[in-house]
Amino acid sequence: MNKFKGILFCTDLDGTLYGSDSKVSKKNLEAIDYFRSEGGIFTFITGRPPKTSAEVCSIIKPTSPFGCFNGAGIYDPVAKEFLWSLKLHEDFLELVREVDEKLPKVGIQLNTEKEIYINKGNSSMDRFLEVTGIPRVSRHYLDVEEPTVKVVFGSMDEDLITELGELLTNHPKAHHFDFIRSERTLYEILPKGASKGTALCKMTELLGISPEKTIAVGDYNNDISMLKAAKAGFAVANAVDEAKAAADYITVSNDESAIAAIVELLDSGKVVL
C-alpha cells in the first residue's frame, strides 16, 4: 500500500490520455485506479476551460484540482471553484482588433472563467463546438464584460496560423502576454507567466507535494513547459518533435495506453522518483 504516496501525476488530455478515437482506454482507467489506490494523486492539465471538462471529469473522477486554460487556472471540481487563476492584461483587445482587421478569416474566441464566447466564427470554431459539445454563445469581443483569461484564434489553414503567430508576437504590446500554439489549428494569447508548467508548480504548492515527486506526460507544444517542470517528463510516441526533445522519456503512443505504460514503469521500479 501507498507505493505512490506523495507522487503527483499530471497528464495532457487530447493526444495523450485520450486515444485517437477520443476515448480513454480501459487499460488507462485501470492504471489510474491502481495509481490512486497506492496513494498517488492523478490529475490533468489541459487547454480546456472547466466548462468543457465535464466529460473527462465524469470518466476519471478527479478528487484533486486540475489545471485549465493552458495553465492560466487551477480548478477544484469537488468544490466547483477556482483555487487560482490569471487574467489577461487589458491591452489584449488591441491584439484581437489587429487580428480581426488584418486576418479577417481567422476565428476568434474569448474565454472567461464562466463562459466561452465565439466572437467570430469559422470552420475551426465550428469544429471546436462540435468536439466540445457546448452551445454556441456569440458576442463581439468588445461586448464581453467579464475578465478574460485567454483568447483562442482558429483556422484550418496552417499557413494562416503561422502568419497569425508572427503578427501577434511582433505586436508592440506583445510583452504583456505569452503565446502558444495549442494544436495544429489553434493559437492562443495567455496571461504573462501562464503555462502548463506554471500550473504544475502551483499545484504542488496547493497540494503540498514536493516538485521532486512529479510526473507529466504530453504530446504538443503547449505541454513542453509541463514536461520540463516535472521531475519526470514523458512524451508520447505520437508527440511533436519539440515535445520529445523536452521530455526525459519517450513512452508509447496515445493509442497504446500511455498512462498505463508509465504507471507500469513506476510500479516496476524502472522509473524512480
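Observations on the structure shown:
- You will find that of SER195, SER138, the residue that is of a type outside the set (A, V, I, L, M, F, W, C) and within 26 Å of GLY67 (Cβ to Cβ) is SER195 and no other.
Yes/no per residue for (1) assigned to a strand (DSSP E or B); (2) without any contact (Cβ under 8 Å) to a residue 60 or more places away in the chain; (3) in contact with a His (Cβ under 8 Å, 6 or more places away or on another chain); (4) more than 18 Å from THR46 (Cβ to Cβ):
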residue	(1), (2), (3), (4)
LEU83	yes, no, no, no
HIS89	no, no, yes, yes
LEU95	no, no, yes, yes
GLU98	no, no, yes, yes
LYS105	no, yes, no, yes
GLN109	yes, yes, no, no
LYS114	no, no, no, no
ILE118	yes, yes, no, yes
LEU129	no, yes, no, no
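- Test: residue in the stretch 165-172 that is more than 18 Å from ASN70 (Cβ to Cβ), assigned to a loop (DSSP other than H, G, I, E, B) and either of a type in the set (S, T, N, Q) or open to solvent by less than 10 Å² (accessible area, probe 1.4 Å) (or both): yes
- Screening the candidates SER124, SER138 for the property of being closer than 22 Å to THR52 by Cβ, in contact with a strand residue (DSSP E or B) (Cβ under 8 Å, 6 or more places away or on another chain), of a type in the set (Gly, Ala, Ser) and open to solvent by less than 40 Å² (accessible area, probe 1.4 Å) yields one hit, SER124.
- Flag for GLY208 being open to solvent by less than 10 Å² (accessible area, probe 1.4 Å) and among the small types (Gly, Ala, Ser): no
- Selection from the stretch 146-203 of residues that are among the basic types (Lys, Arg) and either without any contact (Cβ under 8 Å) to a residue 12 or more places away in the chain or closer than 17 Å to SER85 by Cβ (or both): LYS150, LYS192, LYS196, LYS202
The values are calculated or read from the model by the stated rules, or taken from the named source; none is laboratory data. Model, not experiment: these values are computed from the prediction. When we count neighbours, we look across all protein chains shown, and the Cβ atoms used for this are built from the backbone with ideal geometry, even at glycine. The accessibility values were calculated without ligands, DNA or RNA, using every heavy atom of the protein model including side chains. Shrake-Rupley method; radii C 1.70, N 1.55, O 1.52, S 1.80 Å.
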